[in-house]
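Encoded as C-alpha cells, the structure appears first; notes follow it.
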Amino acid sequence: SKMEEEIIYVVNEKDQFVRKTKRKEAMEKGLLHRHARVIIVNKDEKLLVQKRSLSKDKYPGYWDVGVAGTVKVGDSYESTAMHELYEEVGITGISNIQLMRSLLFKFAFHSPEYNVLCKAYKIQYDGKLKLQEEEVDEAKYMLIEEIKNIIEKEPFHPVGKIVFEKYLETKNKIQ
C-alpha cells in the first residue's frame, strides 16, 4: 500500500535522527520512530474518541483518543499533528505556533512490536467534524468516565491509553 511505502525517521531515545526507512520496515521490526497526537476537547470538557478503521496497519478497530499520526520524512511533530487533524476529522485552521504552545508532554512508548517517541498536544474544538472513512469508523465526544469504561472493556490503542492517563494527571495538577 501507499502507506507502507512512506519514508519515516528512525530515531534514538534522545529523538536524534538515526536513519530513514520505509514505514513498513519500522512497523515490522518495531523500530523507534516519531508519533504525533492531539487531544481534542470541547467546551463541555468532553474528549474526542475515535474507533480506528479495520484497514489500519496497527491496532485496527481499536478505540483511540483524539488523532494520531506517524511523522514522515520532511515533517515535524506539529505539521504531522496539523495534517492528522485535517485528514482524520476535518479540523483546519490550527497553526504550528498554536500547537507548540499547547504541547502537553512528550514520552517514549515501548512494546515488543511497536516503539514510538510521542508528542501530545491539546486543542479545544467545538465545530463540525468530517471523518475520513478509510481511517476512522466513528468518532464522538465522551466524558472522562465513559472513556475509562471503554478502556476497561474494549480494545484501546496502548499509546492512546497512556496519553489519556497522562492528560488526566496534568489536568488534576492544574486544578
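Restricting to DSSP H runs of at least four residues, report the calculated mean residue ellipticity at 222 nm for the chain, -39500 (n - 2.57) per run over all residues, nearest 500 deg cm²/dmol.
Mean residue ellipticity at 222 nm (helix-derived): -9500 deg cm²/dmol.
Against the compact-protein benchmark of 2.2 N^0.38 Å, the Cα-based radius of gyration of the chain scales to 0.98.
For segment 10-58, a/c is not less than 1.5, where a ≥ b ≥ c are the root eigenvalues of the C-alpha gyration tensor, and a/b does not top b/c. That puts it in the oblate class. Distances between placed amide hydrogens fall under 5 Å for Val136 paired with Ser53, all partners being 5 or more residues away or on another chain. Along segment 120-129 the Karplus relation, 6.51 cos²θ - 1.76 cosθ + 1.60 evaluated at θ = phi - 60°, assigns HN-Hα couplings of 10, 10, 9, 10, 9, 8, 10, x, 6, 10 Hz to successive residues, with x for each Gly and Pro.
Considering only Met27, Gln16, Asn172, and ranking their Cα positions along the charge dipole of the chain that arises from unit charges at the beta-carbon of Lys, Arg, Asp and Glu, the one farthest toward the positive end is Gln16. Round to a whole angstrom and tell me the spacing of the C-alpha centers of segment 97-175 and segment 20-46. Taking the Cα centre of segment 20-46 as reference, the centre of segment 97-175 is 10 Å away.
About its Cα centre, the chain has a charge dipole of approximately 540 debye under the convention of +1 per Lys or Arg Cβ and -1 per Asp or Glu Cβ, with nothing else charged. Take Lys173, project a point 7 Å from its Cα along the Cβ direction, then tell me which residues of segment 38-79 have their backbone nitrogen under 20 Å from it. Only 38-41 fall inside the zone, counting backbone N under 20 Å. Looking at segment 27-164, the DSSP beta bridges with both ends there are about 70 percent antiparallel.
Just so you know, all these numbers are worked out from the coordinates, no wet-lab data involved. Everything numeric here is computed off the predicted structure, so don't read it as measured data. Cβ coordinates were reconstructed from backbone atoms using ideal geometry, including for glycine residues, and neighbour counts include every protein chain displayed.
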